[in-house]
1. So how many residues does the stretch 228-250 have that are in contact (Cβ under 8 Å) with a residue 24 or more places away in the chain, surrounded by fewer than 17 Cβ atoms within 10 Å (Cβ to Cβ) and under 16 Å from Gln210 (Cα atoms)?
2. Return a yes/no flag: does the stretch 125-140 have any residue that is open to solvent by 50 Å² or more (accessible area, probe 1.4 Å), without any contact (Cβ under 8 Å) to a residue 60 or more places away in the chain and either over 20 Å from Ala193 (Cβ atoms) or of a type outside the set (A, V, I, L, M) (or both).
3. Looking at Leu185, is it in contact with a Gly (Cβ under 8 Å, 6 or more places away or on another chain) and open to solvent by less than 10 Å² (accessible area, probe 1.4 Å)?
4. Of the conditions (1) open to solvent by 40 Å² or more (accessible area, probe 1.4 Å); (2) within 16 Å of the chain's Cα centre (by Cα), Ala178 satisfies every one except a single condition; which number is it?
5. What number of residues within the stretch 316-331 satisfy the criterion of being open to solvent by 10 Å² or more (accessible area, probe 1.4 Å), part of a helix (DSSP H, G or I) and of a type outside the set (Gly, Ala, Ser)?
6. State the number of residues belonging to the stretch 193-211 that are open to solvent by 30 Å² or more (accessible area, probe 1.4 Å), within 19 Å of Phe132 (Cβ to Cβ) and more than 20 Å from the chain's Cα centre (by Cα).
7. Only one of these is open to solvent by less than 50 Å² (accessible area, probe 1.4 Å), closer than 24 Å to Asp348 by Cα and among the basic types (Lys, Arg): Arg18, Arg59. Name it.
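The values are calculated or read from the model by the stated rules, or taken from the named source; none is laboratory data. Model, not experiment: these values are computed from the prediction. Note: ideal-geometry Cβ built from the backbone for every residue, glycine included; neighbour counts use all protein chains shown. Please note that ligands, DNA and RNA were not included when accessible areas were found on the heavy atoms of the full protein model with its side chains. Shrake-Rupley method; radii C 1.70, N 1.55, O 1.52, S 1.80 Å.
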Amino acid sequence: MTAAQTDSNLAAHVRALREHFDSIILPMWMGRGFNTALGLPYESLDSAGGAALPATRYRAMACARQLYVFSEAPGEAAGRHADILFESLRRVFRDEEHGGWRYSVDAQARPLDATQDLYTHAFIVLACAAYFRRSRNGEARKLMLATAATIEARFKTADSLYHAALSPDLGQPLRAPAQNPMMHLTEAYLAAAQVAEPARFAQHLRSLAQGISHRFVHAPSQCISEERQGTAGNRLEPGHQFEWLSLVHGSAAVFEGLDLAESLPRAVQWARRRGVDQAGVVAALDESGAVIDDTRRIWAQTEYLRVLAVQGDLPALAAGLEVFRKRFLHAGGWYECLDADGVVTRSDMPSTSPYHLATCLAAMPDVV
């Protein structure tokens, strides 16, 4: 295939993906996917018909991800929806007694799980940064900075890492540092630095990056493991290597000279060789590179496409987009999980997944 053919195919696939996102997925979450009485997105929709599945809870993280998506989406309708989501986020999930944010509420929006969860806090920082850029609502910037201050004061450990969860009063660690919440904290602080205190956030980011390099990087593969090195049964997730590189590559000046900036390209190369085949990206490998979870999750596919865009591998990106559109998208939305043979293994569409499609699409204009 010539370069011109590659560019033409790539542009067509990107246009089709964007059209699907704008005309199918965004309206879905402003309509059937949204509980207008509570002002909250439902947790999940049925993939076959698009109806909301019975609600048992609503999570702050899911609301924050939707706020991010609609803050980034074009058009007045998306902006109005972001306004509603922001007000619901702080009204329903803010812990006014202790500070921070409760993890979830029940189907009637009453407090359910008051755990203070780093993953949740990171997405609130990210969403507030995106919403402030969109709306210039000063309350969003204020909440972003207050949440970051809570993270630094309560979640941070002595070795430059962050507890994954704390007790409701923010006083006791409940879960040890883990890769995924800290990756999303990196994403959140990069977004926060665009709207406030860039030097301070850069300092936090460099410290966190060094902590990850020292305690989570698996030396033989250079991959970032899910748990601290030395943890029994540790996992290496290809999708997370792709996601980390996209974040660090997009803010090279912040991470310049750090070990993480050097190791991630090698981690991505290793993950592509062992964790990607004709059916897409596998969920997890062990530290030898053997597949231990062969599920093909939609988010890992979008992160693979995103890193191909970031690295400028246009032939692989065009081919990957074609496979992705055929396997994971359908007229009513998307398939969340497939097995290696393309059989659907999860039949709902979670409210959290449009975030991954949005971040993937955001990388595409750089290559088309």
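1. Total meeting the criteria: 1.
2. yes
3. So Leu185 does not fit the description; no.
4. The single condition Ala178 does not satisfy is (1).
5. Counting residues in the stretch 316-331 that are open to solvent by 10 Å² or more (accessible area, probe 1.4 Å), part of a helix (DSSP H, G or I) and of a type outside the set (Gly, Ala, Ser) gives 5.
6. Going through the stretch 193-211 one residue at a time, the tally reaches 4.
7. Within the list Arg18, Arg59, the selection yields Arg59.
Per-residue answers, yes or no, for (1) modelled with pLDDT of 95 or more; (2) among the acidic types (Asp, Glu); (3) farther than 23 Å from Leu143 by Cβ; (4) in contact with a Phe, Trp or Tyr (Cβ under 6 Å, 6 or more places away or on another chain):
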position: Arg18; (1), (2), (3), (4): yes, no, yes, no
position: Ala37; (1), (2), (3), (4): yes, no, yes, no
position: Ala52; (1), (2), (3), (4): yes, no, yes, yes
position: Ala78; (1), (2), (3), (4): yes, no, no, yes
position: Arg102; (1), (2), (3), (4): yes, no, no, yes
